[in-house]
Structures are given as C-alpha cells and as structure tokens.
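See below for the structure under consideration.
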Amino acid sequence: MNNVLKETDHELMMDYSSFPSLLQETLAGLTDSELDLCRAPGKWSIRQIIHHIVDCEMNYFQYDRYALSNTDSNFPFPAFNADTWAENMAYGSRPIELELRFFSLIREYITHLCHSLPDALDRTLKHEDGEFTVRQALEHDIAHARHHRNQIIETRIINGV
C-alpha cells in the first residue's frame with residue numbers, strides 16, 4: 001500500500017479504521033435478547049442502534065467515495081429519515097452479525113482508498129450546502145459512530161449488562 005497520508009492524518013485514520021473492532025468490544029458478551037434492551041422507553045434498542053450505524057455508514061460510504069473520486073461535480077444528498085429506515089428495514093428484529101461485518105468492510109475499503117490515493121483526505125465533495133473534504137467527512141463518520149457507541153454503553157450500564 002502506498003502511504004500518501006500526511007503525518008498528522010495517521011491518528012484520524014487509526015480512529016476511523018479501528019472503530020469496528022471497538023464496536024465489537026462494546027457488544028462483547030451480550031446475548032441476542034440483551035441486544036433488545038433500551039436506555040429508556042421510546043429509545044432505540046442496542047440492535048436498532050447497530051442497524052442505524054451501518055445504514056448511515058452506507059450513506060457516508062457513498063459520500064466519501066464520491067469525494068475521493070475528486071470529480072468536482074455536485075453530489076445530491078438523498079433524504080434520510082432515520083425513523084422511517086428503522087421501521088422499513090426492521091431494525092428491531094434483524095440479526096446484527098452481517099451488519100457488523102459489512103461495517104468493518106466499508107471502513108476497511110475507505111481506509112484503503114485513503115492510503116492509496118494522493119492527497120486523499122484533502123479531496124472535496126461539493127453539495128447543495130457547500131463543500132467538505134474527505135478529512136472532514138471521516139471526522140463526521142467517526143463522531144456519529146462514537147455517539148451511538150456511547151448510547152450502547154449507556155444502555156449496558158442502565159440495564160446492568
């Protein structure tokens with residue numbers, strides 16, 4: 001792999017690429033029924049949170065790849081209502097194993113591109129609200145997944161699991 005990243009970007013890429021393992025560690029020891037625990041009534045279960053993380057990651061994958069392609073054309077962001085997706089994609093009843101593998105593969109692939117393409121993290125995506133770099137996109141992706149991991153940790157603490 002051709003390492004073309006700036007020295008300051010290695011920590012960012014480590015945070016991005018290592019998150020699937022961190023998420024697996026967060027879920028370690030949970031039974032299938034414990035995946036259905038919630039922080040409070042009306043809040044998503046751990047299972048639902050995992051599906052949400054992965055569905056969002058699939059959207060981010062599109063944005064990140066488009067930015068990495070550096071085409072200089074506008075990318076239209078599709079509407080995404082998380083609650084509609086949760087209902088229509090049966091977040092509450094589907095297993096999470098395939099989701100976790102897919103999440104890991106997405107992160108591995110984007111990491112590979114970022115290590116392989118010259119100035120990858122400085123490439124930009126233009127859209128109706130402006131422009132952002134791949135670096136900014138990955139920072140967002142990390143923050144989103146971290147936020148939901150914290151919800152899972154909170155759920156485990158509240159429920160004593």
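Taken together, the values in this text are just the output of simple stated rules run on the coordinates, not laboratory data. Note that the structure is predicted; figures quoted are calculated from it, not measured. Note that each Cβ is placed from the backbone with ideal geometry, even for glycine, and that neighbours are counted across all protein chains shown.
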Long-range amide H partners of Val161 with built H, under 5 Å: none
Placing +1 on each Lys and Arg Cβ and -1 on each Asp and Glu Cβ in the chain, then taking the dipole about the Cα centre, the residue among Gln136, Gln48, Asn159 whose Cα reaches farthest towards the positive end is Asn159
Mean separation of Cα contacts under 8 Å (at least 6 apart) over the residue count of region 7-159, i.e. the relative contact order in percent, is 36
What is the distance in Å between the Cα centroid of region 34-85 and that of region 115-157? 11
Answer with a single label: of (1) 9, 27, 27, 24, 12, 1; (2) 10, 37, 32, 17, 4; (3) 11, 41, 37, 11, 0, which was calculated as P(r) over Cα pairs in 10 Å bins from 0, in percent from the structure in view? (2)
Going through region 37-67, which trypsin sites (Lys or Arg not before Pro) have at most 15 other Cβ atoms within 10 Å and a DSSP loop state? Lys43
Apply the Karplus parameterisation 6.51 cos²θ - 1.76 cosθ + 1.60, with θ equal to phi minus 60°, to every residue of region 109-115 and state each ³J(HN,Hα) to the nearest whole Hz, in sequence, with x for glycine and proline. 5, 5, 4, 4, 4, 5, 7
Whole-Hz ³J(HN,Hα) for each residue in region 58-72, computed from phi via Karplus 6.51 cos²θ - 1.76 cosθ + 1.60 with θ = phi - 60°, x for glycine and proline: what do you get? 5, 5, 4, 4, 4, 5, 4, 5, 4, 5, 5, 5, 6, 7, 6
Which loop chymotrypsin sites (Phe, Trp or Tyr not before Pro) in region 35-84, with loop taken from DSSP, have no more than 13 other Cβ atoms within 10 angstrom of their Cβ? Phe80
Starting from the Cα coordinates of region 18-99, work out the convex hull volume and express it per residue in Å³. 112
With θ set to phi - 60° and the Karplus curve 6.51 cos²θ - 1.76 cosθ + 1.60, what are the ³J(HN,Hα) couplings of region 130-146 in order, to the nearest whole Hz, using x for Gly and Pro? x, 8, 9, 8, 4, 4, 5, 5, 5, 4, 5, 4, 5, 4, 5, 5, 4
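What size of dipole, in debye to the nearest 20, comes out for region 7-159 about its Cα centre when the only charges are +1 on Lys and Arg C-beta atoms and -1 on Asp and Glu C-beta atoms?
Values: 13 positive and 25 negative charges, 83 e Å.
Dipole size: approximately 400 debye.
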